[in-house]
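Down below is the structure, laid out as structure tokens.
The values are calculated or read from the model by the stated rules, or taken from the named source; none is laboratory data. Predicted model, so just to flag it, every value in this text is computed and none were measured. Glycine also receives a Cβ, built like all others from the backbone with ideal geometry; neighbour counts cover every protein chain displayed. SASA here: full protein model, heavy atoms, side chains in, ligands and nucleic acids out. Shrake-Rupley method; radii C 1.70, N 1.55, O 1.52, S 1.80 Å.
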Amino acid sequence: TLLMALSNQTGALVLGCGFFAPIILALMLHEVPRGKILFRTLYYLPAVTTGLVIMFLWKQFYEPSASGLLNRVLAFFHLPAQTWLQDPKLAMISVVIPLIWAGVGPGCIIYLAALKSIPEEYYEAADLDGAGIWPKVRHITIPYLKPLIIINFVGAFVGAFRSFDFIFAMTGGGPLFSTHVAGLEIWYNAFLYLNFGYAVAAAWILGSLLVGFTLWQLRILSRIQFRTAEA
């Protein structure tokens, strides 16, 4: 129970924000009339950057002084400066944002490839019926992408439990345990407190959950028919 409670907040943020962001971005880029390759390249660039560089880059952005980049942006809009990673109310979302920023590009490219495989006849028929943008997304795009969305949801769920390295380097679980997740709980008990029994039991529970979701993902993959999208 404690293990799951420690990951509820970060898991909800990563799934709630990081899972839907690639879908929304892919739908937007799919409708861009010009410069598609340029925009796709720009959004994919963070994915080719190492996690260490991203971590230190965003730590500079979150500089709590008035000279910090994000605080300068707030000052431009006449808003008060924030302490970001040092604020228990903002620390978790401040850690999650770089994770989403770094991962939205690859997910977006996958959804874009899937969108290209949807027959244009479906959209043309919807246009003849007078359907707007949202009805077409709801009744054509989402059902067609449903298998891929389920697969990515499982992957996003597993990835939500793998945010230990970013959080460890950026906050160490603080302040006031506001970013203390399951991975940190296991690491601290194993290597800092030398409570190996508790750490091994927690790791087995967490690993069993992830293995179960991975098997579910493989079961879904075995029933999906993949099609080649047009370039």
- [ ] Specify the residue that is modelled with the lowest pLDDT; the eligible residues are those in segment 192-231 that are polar (S, T, N, Q) and surrounded by 11 or more Cβ atoms within 10 Å (Cβ to Cβ).
- [x] Gln217
Task: When residues of segment 143-159 are limited to those that are over 12 Å from Phe213 (Cα atoms) and not β-branched (Val, Ile, Thr), the one most open to solvent (accessible area, probe 1.4 Å) - done: Lys146
- [ ] May I ask you to say which residue of Leu90, Leu45, Leu99 is without any contact (Cβ under 8 Å) to a residue 60 or more places away in the chain and either open to solvent by 60 Å² or more (accessible area, probe 1.4 Å) or on the phi < 0 side of the Ramachandran plot (or both)?
- [x] Leu90
- [ ] Restrict the check to segment 68-78 and report whether at least one residue is within 30 Å of Met55 (Cβ to Cβ), open to solvent by 60 Å² or more (accessible area, probe 1.4 Å) and within 25 Å of the chain's Cα centre (by Cα).
- [x] yes
TODO: Filter segment 67-112 for residues that are touching a Phe, Trp or Tyr at 6+ places or on another chain (Cβ under 9 Å) and outside any helix (DSSP H, G or I) and give the result.
DONE: Gly68, Gln82, Thr83, Pro88, Leu90
TODO: Scan segment 160-174 for residues that are assigned to a loop (DSSP other than H, G, I, E, B), surrounded by 16 or more Cβ atoms within 10 Å (Cβ to Cβ) and modelled with pLDDT of 85 or more and jot them down.
DONE: Thr171
TODO: Check segment 128-142 and report whether any residue there is on the phi < 0 side of the Ramachandran plot, open to solvent by 60 Å² or more (accessible area, probe 1.4 Å), free of Cβ contacts under 8 Å to residues at least 24 places away in the same chain and of a type in the set (Lys, Arg).
DONE: yes
- [ ] Scan segment 162-188 and report the pairs whose first residue is among the aliphatic types (A, V, I, L, M) and whose second residue is part of a loop (DSSP other than H, G, I, E, B) and surrounded by fewer than 17 Cβ atoms within 10 Å (Cβ to Cβ), with Cβ atoms within less than 7 Å and a gap of 6+ or a chain change.
- [x] Leu176/Pro88
Open item on the list: As an exercise: evaluate Ile23 against (1) hydrophobic (A, V, I, L, M, F, W, C); (2) more than 19 Å from Ala156 (Cα to Cα); (3) at pLDDT 80 or above and give the number of the one condition it does not meet.
Closed with: (2)
